[in-house]
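This report concerns only the one structure given below.
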Amino acid sequence: MKTRYFIFISYKGTSYHGWQIQPNSVTVQKILEDALSIILGEKISTIGAGRTDAGVHAIYFCAHFESISRDLSSKNNNLIFRLNRYLPKDISVNTIRKVGPDANARYSAISRTYKYYISRVKDPFFDNSSWFLHGKIDVTAMNDACGLLLSHSDFTSFSKLHSDTKTNFCKIYKASWEEVDNRLVFTIRADRFLRNMVRAIVGTIVDIGLGKITLKEFEDIIVAKDRCKAGESAPAKGLFLVDIEYPEEIFISE
């Protein structure tokens, strides 16, 4: 009999073509499945909490898998040690938790939180983890735009074209910008996200900060439900998935 587990990982996305397995591409999912299969001695398939684009990072990512092996929870620290020794240095396993048979890393999630980082000065140490943006920028206007996001639910204008999603409706719970040292940090939390949605929002809000569009034009873009009306997507390297919220009752205490 197989038991289902949630595995929580972190990864630096610079060298990967996103999370999801794709032909002729190096992906996080493929690397993780290979590691689990070899260490556990059985064929392991995973289902991730969602997709991340090529170059996007994850401080907190979750996938579920099933195994005939026993005692794979985090109290078995030897398994995590063996996985991390096998995995490349830019992927780490943090926790493994036993869950009920119907728990799903994607569909059981209550919310997801992303952060986007913009560097205001050239910094070689943040080159692969932020968007270097030079010039004066109006952060107050950018936060005003965040307020407009909270009053809408259809984000077709910020969705990747020709995606296979069934609905473009999302509930955004939080969206805000803050200045931290020489960086701007955008935080957004929602029940779900469309493909490319956060990067498209960031790219368009930055246009407001740079004075290229007004708040009224930003809201018109949302209402238009047309990706061609929005700004260019911000570079993938500045985006981090930082949290996924799950109901505690899906986890099995041991």
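The values are calculated or read from the model by the stated rules, or taken from the named source; none is laboratory data. Because the structure is a prediction, the values reported are computed rather than measured. Virtual Cβ from ideal backbone geometry, glycine too; neighbours counted across all protein chains shown.
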Does residue 157 satisfy the criteria of being in a loop (DSSP other than H, G, I, E, B) and polar (S, T, N, Q)?
no
Give me the pairs: first residue in the stretch 76-93 and surrounded by fewer than 16 Cβ atoms within 10 Å (Cβ to Cβ), second residue assigned to a loop (DSSP other than H, G, I, E, B), beta-carbon distance under 6 Å, and six or more apart or on different chains, which are they?
90/12
Of the residues in the stretch 104-137, how many are assigned to a loop (DSSP other than H, G, I, E, B), among the hydrophobic types (A, V, I, L, M, F, W, C) and more than 18 Å from residue 6 (Cα to Cα)?
3
Please find, within the stretch 43-54, the residue that is surrounded by the most Cβ atoms within 10 Å (Cβ to Cβ) out of those that are assigned to a loop (DSSP other than H, G, I, E, B) and modelled with pLDDT of 95 or more.
49
Looking only at the stretch 22-38, count every residue that is buried (at least 17 other Cβ atoms within 10 Å of the Cβ) and either touching a helix residue (DSSP H, G or I) at 6+ places or on another chain (Cβ under 8 Å) or free of Cβ contacts under 8 Å to residues at least 40 places away in the same chain (or both) and tell me the total.
7
Restricting to the stretch 24-53, name every residue that is among the hydrophobic types (A, V, I, L, M, F, W, C) and over 11 Å from the mean Cα position of the chain (by Cα).
26, 28, 31, 32, 35, 36, 38, 39, 40, 44, 47
For residue 252, only one of the following conditions fails: (1) touching a Lys or Arg at 6+ places or on another chain (Cβ under 8 Å); (2) under 30 Å from residue 96 (Cα atoms); (3) at pLDDT 95 or above; (4) aliphatic (A, V, I, L, M). What is its number?
(3)
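Just wondering, is there one or more residues in the stretch 58-65 that are more than 17 Å from the chain's Cα centre (by Cα), farther than 22 Å from residue 199 by Cα, buried (at least 17 other Cβ atoms within 10 Å of the Cβ) and modelled with pLDDT of 95 or more?
yes
State yes or no: is residue 253 in a loop (DSSP other than H, G, I, E, B) and among the hydroxyl-bearing types (Ser, Thr, Tyr)?
yes
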Just checking, does the stretch 238-247 include any residue being over 26 Å from residue 6 (Cα atoms) and in the same structural domain as residue 128 (by TED's automatic domain parsing)?
yes
Looking at the stretch 166-196, which of its residues are surrounded by 14 or more Cβ atoms within 10 Å (Cβ to Cβ), part of a loop (DSSP other than H, G, I, E, B) and among the polar types (S, T, N, Q)?
168, 196
Evaluate the stretch 101-118: report whether one residue or more is of a type in the set (Ser, Thr, Tyr) and farther than 21 Å from residue 240 by Cα.
no
Can you confirm whether residue 73 is on the phi < 0 side of the Ramachandran plot, among the small types (Gly, Ala, Ser) and under 17 Å from the mean Cα position of the chain (by Cα)?
no
Single condition residue 80 does not satisfy, out of (1) assigned to a helix (DSSP H, G or I); (2) at positive phi
(2)
